[in-house]
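The values are calculated or read from the model by the stated rules, or taken from the named source; none is laboratory data. Quick caveat: nothing in here was measured; it's all calculated off a predicted structure. When we count neighbours, we look across all protein chains shown, and the Cβ atoms used for this are built from the backbone with ideal geometry, even at glycine. What goes into the accessible areas is simple: the full protein's heavy atoms, side chains included, and nothing from ligands, DNA or RNA. Shrake-Rupley method; radii C 1.70, N 1.55, O 1.52, S 1.80 Å.
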Amino acid sequence: MCTECTSLKITKEKIKKIIFTKDTIYVFTAINHVLTIKKRYLDDTNVFNELKIYINEKYNIKK
């Protein structure tokens with residue numbers, strides 16, 4: 001099921017991997033479960049870039 005109005009809480013412990021591309025953020029919580037955040041979902045490119053920085057600083061487990 002795909003919907004634009006979904007609330008989801010993912011704790012840092014549940015994140016297995018994060019991948020950043022030019023227009024998408026992929027947050028893997030399992031090998032077959034991924035949260036996808038597209039740049040087009042947001043109103044502004046700057047907001048998307050700020051979100052990428054925030055997620056990378058606070059949640060990326062590869063540090």
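Numbers for the structure displayed
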{"read-out": "Estimated FRET transfer efficiency (LYS58, HIS33; beta-carbon r; R0 22 Å; 0.05)", "value": "0.65"}
{"read-out": "Carbon + sulfur, % of accessible area of the chain - ligands and nucleic acids excluded, 1.4 Å", "value": "53 percent"}
{"read-out": "Bins of 10 Å from zero: percent of alpha-carbon pairs in the chain", "value": "20, 55, 25, 0"}
{"read-out": "Average accessible area per residue (Å²) across the chain - probe 1.4 Å, nucleic acids and ligands excluded", "value": "84 Å²"}
